[in-house]
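The values are calculated or read from the model by the stated rules, or taken from the named source; none is laboratory data. It should be emphasised that the depicted structure is a prediction, and the values quoted were computed from it without experimental measurement. Backbone-built Cβ (ideal geometry, glycine too); neighbour counts: all protein chains shown.
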Amino acid sequence: MLDNNFKKEEFKKSVKENVKMLYRKTIEEASQEQIFQAVSLAVKDVIIDNWLLTQKQYEKDDPKIVYYLSMEFLMGRALGNNLINLCAYNEVKEALEELGFDLNVIEDQEPDPALGNGGLGRLAACFLDSLATLGYCAYGCGIRYHYGLFKQKIENGFQVEVPDNWLKDGYPFELRRPEYAKEVKFGGYVKVVYDPATGRNNFVQEGYQSVLAIPYDMPIVGYNNKIVNTLRIWDAQAISEFQLDLFDKGDYRKAVEQENLAKNICDVLYPNDNHYAGKELRLKQQYFFISASIQAAIEKYKKSHNDLHDLPKKVTFQLNDTHPTMTVAELMRILLDEEGMTWEEAWEITTHTCAYTNHTIMAEALEKWPIELFSKLLPRIYQIIEEINRRFIQEINNKYPGNQEKVRKMAIIYDGQVKMAHLAIAGGYSVNGVARLHTEILKKQELKDFYEMYPNKFNNKTNGITQRRFLLHGNPLLADWVTDHIGDGWITDLAQLSKLKVYADDKRAQQEFMNIKYQNKVRLAKYIMENNGIEVDPRSIFDVQVKRLHEYKRQLMNILHVMYLYNQIKEHPEMDFYPRTFIFGAKAAAGYVRAKLTIKLINAVADVVNNDKSINGKLKVVFIENYRVSNAEMIFAAADVSEQISTASKEASGTGNMKFMLNGAVTIGTMDGANVEIVEEVGQENAFIFGLSSDEVINFENHGGYDPMQYFNNDPDIRNVLMQLINGTYSNGDFELFRDIYDSLLNTKSSDRADTYFILADFKAYAEAQKRVEEAYKDEAGWAEKALLNTACSGKFTSDRTIQQYVDEIWHLDKVTIDK
Ligand code: TH1
């Protein structure tokens, strides 16, 4: 039996007690939601003991700390995951059964905290899980959005956004800690005050507005090691309502302004993935959580250390993309203005404490703030950035005398804008990409000049995912099967999955493996029936593309290919065709018109295809509403084919690709992001690779694009499909509904370049790869071997490996174990 604090009878008693205390009810009278709250409280009780133990150990050992600063933490539900990591899942399941409840149903009561958009936010959550499991002292720092990413409803085929009020019934796994509140200042002006005692100019912000940042802590439970780390998310509260004596009671107008400022800062997560909108409120959010987090970190450091010059030995601030880059200037501000350091001292410390991760090369995601906006909202921070910029330009001039081109391309402030990526690179000691190909593109293209100037800052950390959530919790049948064959070491050492390779051509193992896949497909088919009212055949190929909707991810190419297959089946009814279910799940940013239209197209094609009796159910199309972490776990487990078809060079890494692979799905994809490394691990013959390479794409882009018209003119299959966008086939005779999509592919007027993402260029290669998928699937044993090998070769893609590389090469943390 594993070592945990769960005694079944005690646990049952505690649940009953909680139901009584919380709701004045007996267990028979309580609703499932109330049982969820009571169970969570009982679990939290166990967690808090370990949380305290961990705290004690950290105080004793004084390890180096990483602060993972991120605007997004896509945690997903906590109850099931906490039980898994406490090694108490099965016991609690039994205990609840004895009380007459089903743990799965209880888990379904939990709101899915969606404080993130997609890969970037989910990566942060996987990293926290790995950090706790590996025994490293880490804090996640973020924002307590009152509304996470919207819930998606599909009405008449269109996406409708519904607010996600995840805090409505209270969230049992958070702890409010008002005693650690911090003041954050906005606006006003900077007054220079000469101090004759020190002979220095002091910079004092005056006439500002304040907001109080209140931390809420969430426990991050390590796997089977008693370690509990902390995710600290900050909420905003008006200073006046918190601490009456702090505010000037006479200034009513200011009081109201401060009240309003506090009110909306934490309202809502910006729903844009890979896109920057440049809104003032977003800038406020960034400074709000960074200022609070850095103040708290410095205060904590000073409690047990007396020399801030040693900060880099004890602390790293890891910036999750450029969103937290304010860290560089805020740390400088504290060291200069509050600690009285010289610029040189402060800069030395800052540039050895901050490190930056780049997650995208998409131009529209680059953060560039107008000087006007920035300097008005953050006058002192802006002043500091100006000085950083002045010295940085000097450094460029020293290295490249007279080269104005370099200054133009690299300056932090240029053309009336503050460029956050440049600040992050200049202000930190490490710059990393998130997959090997992506890091190479950074070094050779996007950040070439910076790489030339600071080659030693650049490094790669290929992303990973946590197997605790995406196999152990999400796919219990496969998890048990794996454990039966190779033991349970894989749970904390995923490389051990390679021991499964010997079973790849074993008939019995193949059968068991595919039988588990089948059962998971039945589970998903049931979910689809209940949620979409569509009947799908679990014996058909489950071909899945789930991820945020973005043109570069090319959901459009997928659905155009479905239209093409449908045409083929209609034209050649006698044709041999293996039944296939195309499954989509994707949220589009609320303002991204073309992405939303693509969702409509997918649903429109689904309507026609699914209701055409003449094709005998050979083809089904399903759009799963409200794709999110909780249903993702079930979807990965059920997939045969993993669609990873981004335009080469555009997807920095991808992490869904790894979750599919772990669960024994075979990839159809381009040589993009981490797909490259997936193919390297599993072998070309166990994946279906097609399309332009990143070099080819970049080459086209550097030479004015390519001509999609040639494909339209020369290929009747492509022409047919495109014409169906504007001849009413999928729009009840409406020629205009999908015209924007048609234009985006062919018409240079509708965008800078027609077919920006090379869909027509790759279409035939994609169709041909899909044909290979079909042929391969018909060979049952051959497919089973491929599927099994995908699981067996997925060991590299654990976030435990990624985190260990961050620790070894960037953070240099000390490993902690809890004294028994
Ligand atoms: C994603 C990348 O698109 C994806 O390829 C990568 O696997 C993931 O990050 C984790 O590294 C990004 N998400 C965002 C979200 C915003 C801005 C930039 C990116 S890059 C808001």
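Looking across 53, 120, one residue alone is within 28 Å of residue 311 (Cα to Cα) and within 16 Å of the ligand (Cβ to nearest atom). It is 120.
Show the residue pairs that are 6+ apart or on different chains and have beta-carbon atoms under 7 Å apart, the first residue being within region 521-541 and closer than 23 Å to residue 577 by Cα and modelled with pLDDT of 95 or more, the second being of a type in the set (Asp, Glu) and buried (at least 20 other Cβ atoms within 10 Å of the Cβ). Short answer, once both residue conditions are applied: 541/640. For residue 149, the stated conditions do not hold, so it cannot be described as within 16 Å of the ligand (Cβ to nearest atom), assigned to a helix (DSSP H, G or I) and touching a residue at least 60 places away in the same chain (Cβ under 8 Å). Pairing residues of region 120-131 that are basic (Lys, Arg) with residues that are in a helix (DSSP H, G or I) and more than 11 Å from the ligand (Cβ to nearest atom), at Cβ distances under 9 Å and at least 6 apart in sequence or on separate chains, gives 122/629; 122/632. Looking at 549, 497, just one residue is assigned to a loop (DSSP other than H, G, I, E, B) and either modelled with pLDDT under 95 or buried (at least 19 other Cβ atoms within 10 Å of the Cβ) (or both), and that residue is 549. Picking from residues in region 277-296 that are at pLDDT 95 or above and within 15 Å of the ligand (Cβ to nearest atom), the one that is surrounded by the most Cβ atoms within 10 Å (Cβ to Cβ) is 289.
So which residues in region 572-596 are surrounded by 20 or more Cβ atoms within 10 Å (Cβ to Cβ) and outside any loop (DSSP other than H, G, I, E, B), if there are any at all? Residues satisfying the conditions are 580, 581, 582, 583, 584, 585, 595. Within region 688-707, the residues that satisfy the criterion of being in contact (Cβ under 8 Å) with a residue 60 or more places away in the chain and part of a loop (DSSP other than H, G, I, E, B) are 690, 691, 692. Restricting attention to region 369-394, which residues are within 16 Å of the ligand (Cβ to nearest atom) and out of contact with any helix residue (DSSP H, G or I) (no Cβ under 7 Å at 6 or more places or on another chain)? Matches in region 369-394: none. Of everything listed in (1) assigned to a strand (DSSP E or B); (2) crowded, with 18+ Cβ neighbours inside 10 Å, the single unmet condition for residue 459 is (2). Close Cβ contacts (under 7 Å, 6 or more residues apart or on different chains) running from residues in region 477-502 that are in the same structural domain as residue 517 (by the TED database) to residues that are hydroxyl-bearing (Ser, Thr, Tyr) comprise 485/503; 491/223; 492/133; 492/223; 494/798; 497/791; 497/794; 500/791. Among the residues of region 654-667, is any within 13 Å of the ligand (Cβ to nearest atom), of a type in the set (Gly, Ala, Ser) and either modelled with pLDDT of 95 or more or in the same structural domain as residue 504 (by the TED database) (or both)? Checked region 654-667: at least one residue is within 13 Å of the ligand (Cβ to nearest atom), of a type in the set (Gly, Ala, Ser) and either modelled with pLDDT of 95 or more or in the same structural domain as residue 504 (by the TED database) (or both). In contact with a strand residue (DSSP E or B) (Cβ under 7 Å, 6 or more places away or on another chain) and either within 16 Å of the ligand (Cβ to nearest atom) or outside the structural domain of residue 292 (by the TED database) (or both): does that describe residue 353? Taking the combined requirement at face value, the residue does not satisfy it.
Scanning region 90-117 for residues that are touching a Gly at 6+ places or on another chain (Cβ under 7 Å) and more than 16 Å from the ligand (Cβ to nearest atom), we see that the one that is farthest from residue 36 (Cα to Cα) is 113. Scanning region 427-449 for residues that are assigned to a helix (DSSP H, G or I), away from the ligand (no atom under 16 Å from the Cβ) and touching a strand residue (DSSP E or B) at 6+ places or on another chain (Cβ under 7 Å) yields a single hit, 443. Picking from residues in region 298-309 that are touching a helix residue (DSSP H, G or I) at 6+ places or on another chain (Cβ under 9 Å) and either assigned to a helix (DSSP H, G or I) or of a type in the set (Lys, Arg) (or both), the one that is surrounded by the fewest Cβ atoms within 10 Å (Cβ to Cβ) is 304.
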